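Visitor: Pasting a structure here, questions to come.
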Amino acid sequence: MPSPARTSSAAGEGLRARRRRETEHAIHAAAVRLVEGHGLAGVTVDMISAAAGISQRTFFNYFPSKESALTISPPPLPDALHLRLAHGDPAPRATLTELLDVLSAHITDDVVPDRELVQATFRIADRHPELRAALHARFDAFEERVREAVAERMAAPPADPRPRLLTGIALAVTRTALEQWSLGAAGDHASPEPDLRQCVDLLHTLMPKP
């Protein structure tokens, strides 16, 4: 049984992580809305900091540039989801199913994306190819951490392509669902969960059980 001190420490770390995510989100939201209104060239770090209610020094504690503030990445998987992903049936199909479930839970339970903000982020990235590339690079960093958990689950050696392939498939499904949700392609849902379910179901139809 965890000691009270350890439990308190874990709770404190969880609270600090949540506050950091909230500040990061506020900076990102301010950057996106300013760029939507003034264009990328018309926005400065000072403007973003003022709109987010922080100092310029605090801004640079979170992002190295205004461009990076526009390409926010998913937060790391919580420990509980990471452990769930890293342990279990190592068979590829079971691992992919678990991976899709974990990513769906992470998006709908922990991240809680703002639909208008996601829409605006994609619009800005579409207008600026360098930002689109940076956005994908941020997702790549998240993908690498997920892949490591999958490799641990499968006890896969470094040269084994399965963890990278399974992670790539699952994140492609997740990314497609988020883009579909942001565009309202499958209906006007407040949460991306229905779009995630639809994309997961489509994947299963494309990959029927043997």
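The values are calculated or read from the model by the stated rules, or taken from the named source; none is laboratory data. Note that the structure is a prediction, hence the values are computed from the model and not measured. Neighbour counts are summed over all protein chains in view; Cβ atoms, including those assigned to glycine, are modelled from backbone coordinates with ideal geometry. Accessible surface areas use protein heavy atoms only, side chains included; no ligands, DNA or RNA. Shrake-Rupley method; radii C 1.70, N 1.55, O 1.52, S 1.80 Å.
Visitor: Scanning for something in contact (Cβ under 8 Å) with a residue 60 or more places away in the chain and crowded, with 19+ Cβ neighbours inside 10 Å, does segment 182-190 turn up at least one residue?
Guide: Yes, segment 182-190 has at least one match.
Visitor: If you go through segment 69-96, how many residues are small (Gly, Ala, Ser), outside any loop (DSSP other than H, G, I, E, B) and in contact with a helix residue (DSSP H, G or I) (Cβ under 7 Å, 6 or more places away or on another chain)?
Guide: Number of matching residues: 2.
Visitor: Regarding segment 200-208, can at least one residue be identified that is open to solvent by 80 Å² or more (accessible area, probe 1.4 Å), touching a residue at least 60 places away in the same chain (Cβ under 8 Å) and not in a loop (DSSP other than H, G, I, E, B)?
Guide: Scanning segment 200-208 turns up no residue that is open to solvent by 80 Å² or more (accessible area, probe 1.4 Å), touching a residue at least 60 places away in the same chain (Cβ under 8 Å) and not in a loop (DSSP other than H, G, I, E, B).
Visitor: What pairs come up if the first residue lies in segment 43-58 and is free of Cβ contacts under 8 Å to residues at least 60 places away in the same chain and assigned to a helix (DSSP H, G or I), the second is among the basic types (Lys, Arg) and open to solvent by less than 60 Å² (accessible area, probe 1.4 Å), and their beta carbons are under 7 Å apart, counting only those six or more places apart or on different chains?
Guide: Pairs found: Val45/Lys66; Ile48/Lys66.
Visitor: Among the residues of segment 65-82, write down those that are without any contact (Cβ under 8 Å) to a residue 60 or more places away in the chain and either loosely packed, with under 14 Cβ neighbours inside 10 Å or touching a Leu at 6+ places or on another chain (Cβ under 7 Å) (or both).
Guide: Once the filter is applied, which keeps residues that are without any contact (Cβ under 8 Å) to a residue 60 or more places away in the chain and either loosely packed, with under 14 Cβ neighbours inside 10 Å or touching a Leu at 6+ places or on another chain (Cβ under 7 Å) (or both), segment 65-82 yields Ser65, Asp79, Ala80.
Visitor: Also, I was wondering about something else. Is it true that some residue in segment 176-199 is in a loop (DSSP other than H, G, I, E, B), among the hydroxyl-bearing types (Ser, Thr, Tyr) and closer than 22 Å to Arg33 by Cβ?
Guide: yes
Visitor: Given the conditions (1) part of a helix (DSSP H, G or I); (2) modelled with pLDDT under 90, and given that Ala170 satisfies all but one, which numbered condition is not satisfied?
Guide: For Ala170, the failing item is (2).
Visitor: Among the residues of segment 109-136, which ones are assigned to a helix (DSSP H, G or I), open to solvent by 40 Å² or more (accessible area, probe 1.4 Å), out of contact with any Ser or Thr (no Cβ under 8 Å at 6 or more places or on another chain) and of a type outside the set (D, E, K, R)?
Guide: The answer is Val111, Pro129, Ala133, His136.
Visitor: Inside segment 85-104, can you point out the residues that are farther than 14 Å from Ala170 by Cβ, among the aliphatic types (A, V, I, L, M) and surrounded by 14 or more Cβ atoms within 10 Å (Cβ to Cβ)?
Guide: Matches in segment 85-104: Ala86 only.
Visitor: In addition: Tell me which residues, restricted to segment 138-165, are without any contact (Cβ under 8 Å) to a residue 40 or more places away in the chain, part of a helix (DSSP H, G or I) and surrounded by fewer than 14 Cβ atoms within 10 Å (Cβ to Cβ).
Guide: The initial filter retains those residues of segment 138-165 that are without any contact (Cβ under 8 Å) to a residue 40 or more places away in the chain, namely 140, 143-144, 147-148, 151, 156-161, 163-165.
Still in the list and also part of a helix (DSSP H, G or I): 140, 143-144, 147-148, 151, 163-165.
Within segment 138-165, Asp140, Glu144 meet the criteria.
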